[in-house]
1. Within 10 Å, count the other beta carbons around each residue, average over each peptide in 63-73, 42-52, and list them highest first.
2. Starting from 0.36 nm per residue, how many nanometres of slack lie between Asn62 and Asp49 once their C-alpha separation is accounted for?
3. Once amide H atoms are placed 1.01 Å from N in the peptide plane, what residues at a sequence separation of 5 or more from Val109, or on another chain, have their amide H within under 5 Å of its amide H?
4. Just how much of Arg100 is accessible, in Å², when a 1.4 Å probe is used and the result is rounded to the nearest 10?
5. Grab the beta carbon distance between Ala84 and Ser28, set R0 = 41 Å, and tell me the FRET efficiency rounded to 0.05.
Amino acid sequence: ATPTYAAPTIPFLAGPIKSDLGDESLRSFLMAYVSELPSRIVEIQACLDQGDIDQLAAKLHNLKGTGGLYGLMPITTSAEKAEALIQNRASIEAIEAQVRELMEIIRRVEGFDPAKPIIYPQSAESGQ
């Protein structure tokens, strides 16, 4: 039997997500990391578009770790949920929904450039 999963909910977050990084020596790396987040979203989208779930899982795993390293726990938590869905062979719709939540969380990170577009996954069934 295929496991069922509740649709993810985007947590209400007032204002931008701020790093709780305590190590000041990593601040310059944090700024570089945040500047790369839009391209990470594009890479994740490409994995979905190509149906490359193994590569998607690897990218999510990386975000899970780096989010925590830079004190951005909402990224870590959301990426971990998406990765777990893949590991548990959830439907592509459930995985896409969780990835959309992750994209919204990333978009709220302080310093994220909102002028860069977020491309949402297209369902395989929609034919788009």
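1. 63-73, 42-52
2. 2.8 nm
3. Result for Val109 returns Ile17.
4. Result for Arg100: roughly 90 Å² accessible.
5. For R0 = 41 Å, the calculated efficiency reads 0.80.
The values are calculated or read from the model by the stated rules, or taken from the named source; none is laboratory data. In this text the structure is predicted, and so the values were computed from the model without any measurement. We place every Cβ from the backbone using ideal geometry, glycine too, and count neighbours over all the protein chains shown. Surface areas here come from the heavy atoms of the whole protein model, side chains and all, with no ligands, DNA or RNA. Shrake-Rupley method; radii C 1.70, N 1.55, O 1.52, S 1.80 Å.
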